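Have a look at the structure below, then the notes.
The values are calculated or read from the model by the stated rules, or taken from the named source; none is laboratory data. Everything numeric in this text was worked out from a predicted model, so none of it was measured. Note: ideal-geometry Cβ built from the backbone for every residue, glycine included; neighbour counts use all protein chains shown.
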Amino acid sequence: MPFTVTMPVVGETVTEGTIEKWLKQPGEHVDKYDPIVEINTDKVNVELPSPVSGTVLEILAPEGATVLVGAPLATIEAEVAAGEEPAETAPPARSEAEGPKPKAAAPAAPRAPAAAQDAAREPHRATPRVRKLAEQMGVDLALVTASGPGGRIVEEDVRAAAQARPAAPAAGTPGPDEESVPVTAIRRTIAQRMSASAFSAPHAWLVVEADVTDLVRLREAHKEPFRQRHGIDLTYLPFMAYAVAQALPQHPYLNASWAEDHIVLKKRVHLGIAVATERGLLVPVVRDADRLSVSGLARAMNDLGERARAHKLRLEDVQGGTFTVDNTGAFGSVISMPIINQGQSAIISLEAITKRPVVVAEDAVAVRSVVNLCLSFDHRVLDGHQAGAFLRDVKARLESIEAGFAVD
């Protein structure tokens, strides 16, 4: 009998997902709990296991399509063994790092969360998928005649409106010496989230210099013994993360978020660590970072970085960040203006450490190791004096790291 596979609930705040890749095609056999499709959300990629054994009949959501929670994805002609009842439930989606969970089950057609239901009642009565199509086709929904139930605009309405427009030269059409590269789901997600942050939060920016000569000497003395003990490199990033994590509880508005009629101050420090991967920028989270030592932070960040690059992050690995640290200095950058992650009030970047002539005691000039610390902050949540006090604190903590500092 035919069984309909639906878009699962993959997170409390996730109302839709994008079909990244179908792992099975019509006519192919699939065993129960085998991965059938990769789904990309604004959090992480997940693999959806097949709820039944059988033959794939039809794919209802093509690759690249954005689908609401509960919407049909495919149909499978299910095999029913003798004495076995037809499957009525489907197992939950699993992240790339998890194995199948044969005993776990979720409703085959889960009800879309309130956020998804509210989306259908937004102006012009169109689902997120239809609004995205309209944006891609350059169609103003206010000018579209709705033909769907209850006055809702459907995809056919958008396509009809696009066809009715006067022909215009295609924007961005590649020339003979250019190449067109499709936008991946994760690249589109980054674009949407960064645009939303940049245009909703009024970004302000500060930068301070820190003299980290003693930190450089300390790392040089410890990096080889550290590698032998822990099997990983000791970089400057865990020292930066340590200084930030220890400073944040003293500056609560840096560990906060804007909520229109109030400001939410976070009581726990969950550091997002920006990781560059071949697929795009990911920001896995080190939880309760203020409770970890430099060594603990180094191990946690190394683990998250390796799993991010290997596509092995779990959904919980990228949720709940309260503040973000970006290591732009790893690419040689000496100054940058990072964009705040939505839901947070600030982000700091560690720039490249360079040697510079510096005026020291009694107007003497010495060569010192200096680094820029760049902070972008949401001016709705805090003002310059609060951001400046936080940067001064982080700078002081980095400059106080010297011989005898406990690395392990």
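Quick notes on this structure:
- Scanning the range 195-235 for residues that are over 20 Å from LEU375 (Cβ atoms) and in a strand (DSSP E or B) yields no hits at all.
- Boolean, VAL181 is exposed (fewer than 15 other Cβ atoms within 10 Å of the Cβ) and either in contact with a strand residue (DSSP E or B) (Cβ under 8 Å, 6 or more places away or on another chain) or aliphatic (A, V, I, L, M) (or both): yes
Residue-wise test of (1) farther than 27 Å from PRO252 by Cβ; (2) of a type in the set (S, T, N, Q); (3) at pLDDT below 95; (4) surrounded by 23 or more Cβ atoms within 10 Å (Cβ to Cβ).
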site	(1), (2), (3), (4)
SER293	no, yes, no, no
LEU315	yes, no, yes, no
GLN319	no, yes, yes, no
SER345	no, yes, no, yes
GLU351	no, no, no, yes
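- Taking the conditions (1) farther than 17 Å from PRO2 by Cβ; (2) surrounded by 21 or more Cβ atoms within 10 Å (Cβ to Cβ); (3) modelled with pLDDT under 85 in turn, GLY64 satisfies each one other than (2).
- Any strands (runs of 3 or more DSSP E) falling wholly within the range 338-408 and containing at least 3 residues that are within 23 Å of LEU297 (Cα to Cα): 346-350, 365-378
- Filter pass, ARG187 being outside the structural domain of GLY280 (by TED's automatic domain parsing) and out of contact with any Cys (no Cβ under 8 Å at 6 or more places or on another chain): yes
- Scan of the range 283-329 for residues that are within 25 Å of PRO225 (Cα to Cα), touching a residue at least 40 places away in the same chain (Cβ under 8 Å) and assigned to a helix (DSSP H, G or I), ordered by number: ALA289, ASP290, VAL294, SER295, LEU297, ALA298, ARG299, MET301, ASN302, ARG307, GLY329
- Note on the range 255-281: among residues that are farther than 25 Å from LEU292 by Cα and hydrophobic (A, V, I, L, M, F, W, C), the one that is modelled with the lowest pLDDT is ALA259.
- Among (1) small (Gly, Ala, Ser); (2) surrounded by fewer than 17 Cβ atoms within 10 Å (Cβ to Cβ); (3) closer than 24 Å to MET337 by Cβ, the one test that GLY231 misses: (3)
- Reported count of residues in the range 257-282, each being in a strand (DSSP E or B) and more than 17 Å from VAL394 (Cα to Cα), is 11.
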